[in-house]
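Data block below; observations after.
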Amino acid sequence: MTIPANVKHWHGAKRNSWFSHLAVEVPGEDTSNQWCEEVTEEEYNKL
């Protein structure tokens, strides 16, 4: 999967499942990383 620049997206698992994430980054100019808001315990348990 390729995520275009400036697209907010989320990586994570849902309750009672496993999650593995492998990312390959391509160097670029004027790039940055922004952490999204945390998921609350209540939100996580609803997944």
#### Entry: Per-residue HN-Hα couplings for the stretch 16-22 [Karplus 6.51, -1.76, 1.60; θ = phi - 60°; Hz; x = Gly/Pro]
6, 9, 9, 9, 10, 9, 10
### Query
Calculated from the structure, log10 I(q)/I(0) by the Debye sum over Cα atoms at q = 0.13, 0.25, 0.26, 0.28 Å⁻¹ equals which of [x] -0.26, -1.01, -1.08, -1.22; [y] -0.22, -0.89, -0.98, -1.16; [z] -0.43, -1.14, -1.18, -1.26?
[z]
#### Entry: Structure-based [θ]222 nm, the chain - -39500 (n - 2.57) summed over DSSP H runs of at least 4, per residue, nearest 500
-3000 deg cm²/dmol
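No lab work stands behind these numbers, since they all come straight from the coordinates. Quick caveat, the model's predicted, so the values are computed rather than measured.
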